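Notes for the one structure printed next.
The values are calculated or read from the model by the stated rules, or taken from the named source; none is laboratory data. These numbers come from a predicted model, not from an experiment. Note that we place each Cβ from the backbone using ideal geometry, even for glycine, and neighbour counts take in every protein chain shown. What goes into the accessible areas is simple: the full protein's heavy atoms, side chains included, and nothing from ligands, DNA or RNA. Shrake-Rupley method; radii C 1.70, N 1.55, O 1.52, S 1.80 Å.
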Amino acid sequence: MANNVTNRFHESLTRNALRSYLAEFMSTFFFVLVVVGSGMSARKLMPDATLNPTTLVVVAIANAFALSSVLYTAWDISGGHVNPAVTFAMAIGGHVSVPTALFYWVAQLIASVMACLVLKVIVVGMHVPTYTIAEEMTGFGASVLEGLLTFVLVYTIYAARDPRRGPLSATGTLVIGLMAGANVLAAGPFSGGSMNPACAFGSAAIGGSFRNQAVYWVGPLLGAAVAGLLYDNVVFPITTTSDQIRVGSDGIAV
């Protein structure tokens, strides 16, 4: 048992593993920079941004484009998690080891804090926005909503990354980004539509308010884990080697 744990830890410190952590850091940094920055840009152009629906559209588009782009750049290196909830689901499903998942979390959280810190330093006179829940929502309700949104997002990620569907293409990453943007449009006014504990943590750390921070961890982590387990074990399970789908050059399963 002890040897097994030691071996897994050593596997998490190989050159390829370190490249993966760097890729996660960079992709999460740019994602948070764009997403939180888009909120600040909207507030700059529209002082009443909280009451202007255009702000919601701007942030949703930023989420969609940014997530699609960083996934495309990091997918072949780290798997393009960019989200502690995705990493948690992958660890629960056995796709990554627990030590690797912990290193991914560290890279993602540090990247998010650094991105928000950069925004705070270079944009003088503006506060870094934090995720908040609407007055009509309770903490439990917001957590459930964030969990449902993350469930849909992670389920889409699992479907897009499934090798039985063929190699991931730009269309696959775009579909994931579009789902993230749609979720923001659906839940932005109620819970913020974070779906990403790292993004919520970084903005809270630099913005100076950790109020309702548990909402953006409990719901997304549980939603992501359920999505991954459901996809792997119920909807599209791999029972034997012969069950794996081979995809021909024409893209048709055979």
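Given points 7 Å out from each Cα along the Cα-Cβ axis, report the LEU230 to HIS127 separation in nanometres with one decimal.
Placing both labels 7 Å beyond Cα along the Cβ direction yields 3.6 nm.
Excluding ligands and nucleic acids, what accessible area in Å² is computed for ASP76 using a 1.4 Å probe, to the nearest 10?
Estimated to the nearest 10 Å², ASP76 gives 150 Å².
Rounded to the nearest 10 Å², what accessible area does GLU24 show when all protein chains are kept and the probe is 1.4 Å?
It works out to around 0 Å².
In a Gaussian network model over the chain where Cα atoms closer than 10 Å are linked, find which of ASN233, ASN63, ASN196 has the largest mean-square fluctuation.
ASN233
Compute the angle between helix 53-78 and the longest alpha-carbon principal axis of the chain, please, reported from 0 to 90 degrees and rounded to the nearest 10.
Relative to the chain, helix 53-78 is tipped by roughly 30 degrees.
Note the angle between two axes, namely the Cα long axis of helix 98-122 and the longest principal axis of the Cα atoms of the chain, as a number of degrees from 0 to 90, rounded to the nearest 10.
30
Pick out which of PRO84, PRO197, PRO129 has the largest mean-square fluctuation in a Gaussian network model of the chain, springs linking Cα atoms closer than 10 Å.
PRO129
Using a 1.4 angstrom probe, figure out how much accessible area the chain has per residue, in square angstrom, rounded to the nearest whole.
Value returned for the chain: 51 Å² of accessible area per residue.
What dipole magnitude, in Debye to the nearest 20, does region 68-170 give about its Cα centre under +1 on Lys/Arg Cβ and -1 on Asp/Glu Cβ?
It comes to approximately 300 debye.
Just to be sure I understand, if you calculate Rg and Dmax of the Cα atoms in Å for this structure, which of (1) 18.5, 61; (2) 18.0, 52; (3) 22.1, 83 do you get?
Only one option fits the structure, namely (1).
In angstroms, what radius of gyration and Dmax does region 71-189 have, counting Cα atoms only?
Here Rg and the maximum Cα pair distance are 16.2, 50 Å.
So, taking all protein chains as they sit and a 1.4 Å probe, how much accessible area belongs to HIS95, in Å² rounded to tens?
Ignoring ligands and nucleic acids, HIS95 comes out at about 80 Å².
With all distinct Cα pairs included, what does the Kirkwood hydrodynamic radius of region 64-132 come out to in Å, to one decimal, could you say?
13.6
As I understand it, the value is the acute angle between the Cα axis of helix 15-45 and the longest principal axis of the Cα atoms of the chain; what does it come to in degrees, rounded to 10?
30
Looking at region 155-244, I'd like the Rg to Rh ratio, where Rg is from alpha-carbon atoms and Rh is Kirkwood's inverse mean 1/r.
1.07
At 1.4 Å probe size, with the rest of the protein present, what percent of the exposed accessible area of the chain is carbon and sulfur atoms?
Percent of accessible area from carbon and sulfur atoms in the chain: 67.
Over every pair of different alpha-carbon atoms in region 1-151, take the mean of 1/r and invert it; report that Kirkwood radius in Å.
When all Cα pairs of region 1-151 are included, the Kirkwood radius is 17.1 Å.
Between ILE61 and LEU13, take the C-beta separation as r, use R0 = 45 Å, and let me know the FRET efficiency to the nearest 0.05.
Efficiency, rounded to the nearest 0.05: 0.70.
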